[in-house]
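Here the structure comes first, spelled out in structure tokens, and everything after it is commentary.
The values are calculated or read from the model by the stated rules, or taken from the named source; none is laboratory data. Owing to the predicted nature of the structure, the values given are computational and were not obtained by experimental measurement. Note that each Cβ is placed from the backbone with ideal geometry, even for glycine, and that neighbours are counted across all protein chains shown.
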Amino acid sequence: MADQDNPQEIADKFLSKLHDSPFVMIGLTNGEHSEPMTAQLDDSQPNTLFFFAGKDNRIARGGDAMAQFVGKGHDFFACLAGTVSQANDHAQIDRLWNNQVEAWFPGGKEDPNLTLLRFDIDSAELWETDISLSGRVKMLFGGTIRGDESSSHAVVDAVA
């Protein structure tokens, strides 16, 4: 297992996977359930995910939060801890606005229910499931997979 050999390499893979499939489950750590949201990335602000949401959304009030991510091919997993806050900067909204967001907010960027949330990531645990060919054969026939045949794992204070 490449456990923590190169956390930055694993973090870079996470960001690449998130670009391919920007969907996460996120929730405040106050006991409410998480919900699916589409993350918006601003490469100039590492360790931050943005979400367009309604002002009545359960995470819009902000606070400590956790987000979970599963890559499109189920080959990458992440658990992120951080803080959600409102970030209704018009320049940032302009940078991140796209057709998918507009579909949710018929009033456009001036929709009275629109809020931009930022999730500042404090720490992350990332897993890449890159099982070797011999490991996959063992999985098919019930064999034991050795550590060097399995995956990469990293615990990082930030993801970029």
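Taken over the stretch 53-72, the criterion of being within 14 Å of the chain's Cα centre (by Cα) and either surrounded by fewer than 16 Cβ atoms within 10 Å (Cβ to Cβ) or outside any loop (DSSP other than H, G, I, E, B) (or both) is satisfied by ALA65, MET66, ALA67, GLN68, PHE69, VAL70, LYS72.
Go through the stretch 17-53 and report how many residues are among the β-branched types (Val, Ile, Thr) and closer than 19 Å to GLY71 by Cβ. Number of matching residues: 3. The single residue among ASP75, ASP122, ASP111 that is more than 14 Å from MET25 (Cα to Cα), in contact (Cβ under 8 Å) with a residue 12 or more places away in the chain, of a type in the set (Asp, Glu) and surrounded by 15 or more Cβ atoms within 10 Å (Cβ to Cβ) turns out to be ASP75. Among the residues of the stretch 8-22, which ones are without any contact (Cβ under 8 Å) to a residue 24 or more places away in the chain and not in a helix (DSSP H, G or I)? Hit for the stretch 8-22 is PRO22, nothing else. Among the conditions (1) modelled with pLDDT of 50 or more; (2) touching a Gly at 6+ places or on another chain (Cβ under 7 Å), the only one that SER150 does not satisfy is (1). The combined condition, being more than 30 Å from GLU110 (Cβ to Cβ), at pLDDT below 90, of a type outside the set (Ser, Thr, Tyr) and exposed (fewer than 13 other Cβ atoms within 10 Å of the Cβ), is not fulfilled by ASN30.
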